[in-house]
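Asks: I'd like to ask you about the structure that follows.
Each reported figure results from applying straightforward, stated rules to the coordinates on display, with no laboratory input. Note that the coordinates shown come from a computational prediction; the quantities given were computed from them, not determined experimentally. Reconstructed Cβ throughout: ideal geometry from the backbone, glycine too, with neighbour counts over all protein chains shown.
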Amino acid sequence: MIRAVPQVRSVAPLHPHEVYRAQVFHAGHLWLGHSAGTVDDYRLALHDGSGALRATAPVGHTLEFLHPFGPHSILAVGKHHTGTRGWRTYHTVATLRAGGIAVRTRRMPARYQVEQFGGSPRAMFFNETGLGRILHWNGFWARALPATVHFPGRILHCGRHLFVLERNHFRPGEETIARIDLAGGGIERTFARTRRRLTTLLDLHGLPWIAAPESWADRVLLVDKATNRLAAEIPVEGAPVEVGRLGDCLVVAAQETRRLVFFHLLRPGFPCVAEWDLADQGPGLANIRALHVDPATGSVYLRSPYHVTVDGDTPAVSVVEDPDGATYRACTGRDRGAPARAA
């Protein structure tokens, strides 16, 4: 197994009061949302694969979550408050353009308070946390799916199904996964009992599973997309909080032990092929709330916004770089810069 102490450097500082997870690596770029201060400060920032800032664009609402959208675009969800209309939800599509990014913002119907997005330009789904429903948006109006999901969170669109992180309490620690049949409208819970802090869901495209870190149980769950049953549990010591994908590997951030751990998904037993030690990196990585991987280099981007209970936290987005390419080779089967394998 590879044990490495990687190089860590800051990509972008965050406002001391930044709290959101708005980050995604897509279309060869790192997209970051900045939502602290006043609405005049809200902006979307575009960084290239080296982390250099390439463009910014103002956005008239908070940027709470960023999601891949089209081949060269992402979708941001957030809110804004006005004195006459109160809180309204918006979603913005940002698209790469020569020399920058173009943004188009749409306001959601006043009766909905949306938090996250799942899907694609042809099948857009949003969660309505107050109603406990998933909304199917056609670009002009929203239709609520019949299934009820308590305080729905992360949404994954997998074929004829939606997988939704269901939160049964406002405090973490009582989550499950709900699978909604888009054809028949039925809903099925993956587990008979709630789990111990499921933090997110990740679709492992091309593989039969979705991954869900169960932070307080020190494991990552693999759920079979076809059967909606638990397929495997991967032990991860130290409170796994975020997951990503590098080639054939699942990348896991363990909060308490300050590690990035790489598990090979195509080998029996899902062995750990690499560990990156982040223990000596200081308080700047003490509050990881988003993880994304550059598939071309294996660099891992970590977002650590403000959290009141983390003493000395330094809000920032950091890049953790593969020191010698060995982890990239173990997870992809090729050297960095070599052509990708044919599908």
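Asks: List, largest first, the extents of the alpha carbons of segment 41-148 along their principal axes, each in whole Å.
Replies: Sorted from largest, the Cα extents of segment 41-148 read 44, 34, 21 Å.
Asks: Using Cβ-Cβ distances only, list the Cys residues of the chain with no partner cysteine under 4.7 Å, sorted by number.
Replies: Cys158, Cys272
Asks: On to the next question. Name the shape class, rounded, prolate or oblate, that the alpha-carbon gyration tensor gives for segment 161-272, where a ≥ b ≥ c are the square roots of its eigenvalues, rounded holds for a/c under 1.5, and otherwise prolate holds if a/b is larger than b/c and oblate otherwise.
Replies: Working: a/c = 2.19, a/b = 1.26, b/c = 1.73.
Here segment 161-272 falls in the oblate category.
Asks: Taking 7 Å along the Cα-to-C-beta vector as the label spot, tell me the Thr148-Met1 distance in nanometres, rounded to one decimal.
Replies: Placing both labels 7 Å along Cα→Cβ, they lie 4.5 nm apart.
Asks: With θ set to phi - 60° and the Karplus curve 6.51 cos²θ - 1.76 cosθ + 1.60, what are the ³J(HN,Hα) couplings of segment 138-154 in order, to the nearest whole Hz, using x for Gly and Pro?
Replies: 9, x, 10, 8, 10, 10, 6, 5, x, 5, 9, 10, 5, 6, x, x, 3
Asks: Based on the mean of other beta carbon atoms within 10 Å per residue, what is the order of 10-16, 146-152, most packed first? Mind showing how you got there, number by number?
Replies: Details: 10-16: 16.1, 146-152: 18.9.
The packing order, highest mean first, is 146-152, 10-16.
Asks: Further question: At 20 °C and 1.002 mPa s, what whole-number value in µm²/s does Stokes-Einstein give for the translational diffusion of segment 1-56, with Rh from the Kirkwood sum over Cα pairs?
Replies: Working: Rh = 12.8 Å.
Rounded, D is 167 µm²/s.
Asks: Same structure, new question: Going highest first, how would you order 206-213, 297-304, 34-41, 79-86 by mean Cβ packing within 10 Å? Mind showing how you got there, number by number?
Replies: Numbers: 206-213: 19.9, 297-304: 24.1, 34-41: 14.2, 79-86: 10.5.
Descending packing order for the listed peptides: 297-304, 206-213, 34-41, 79-86.
Asks: Given all pairs of different Cα atoms, what value in angstroms does the Kirkwood hydrodynamic radius of the chain take?
Replies: Values: mean 1/r = 0.0487 Å⁻¹.
It works out to 20.5 Å.
Asks: Only four residue types carry charge here, +1 at the Cβ of Lys and Arg and -1 at the Cβ of Asp and Glu. Report the dipole size of the chain about the Cα centre in Debye, rounded to the nearest 20. Mind showing how you got there, number by number?
Replies: Values: 39 positive and 31 negative charges, 255 e Å.
Charge dipole, the chain, about its Cα centre: 1220 debye, nearest 20.
Asks: Taking amide H positions as placed 1.01 Å from N in the peptide plane, with prolines and chain starts having none, which residues 5 or more places from Arg54, or on another chain, fall under 5 Å of its amide H?
Replies: Placed amide hydrogens put Leu46, His47, Asp48 under 5 Å from Arg54.
Asks: Scan around Asp322 for amide H atoms under 5 Å from its own, H built in the peptide plane at 1.01 Å from N, and keep only partners 5 or more places away or cross-chain.
Replies: Under 5 Å from the amide H of Asp322 lie the amide H atoms of Ser299, Val300, each far enough along the sequence or on another chain.
Asks: Would you mind checking which residues have amide H under 5 Å from Thr129's amide H? H placed 1.01 Å from N; only 5 or more apart, or other chain.
Replies: So Thr129 has HN proximity to Gln113, Glu115.
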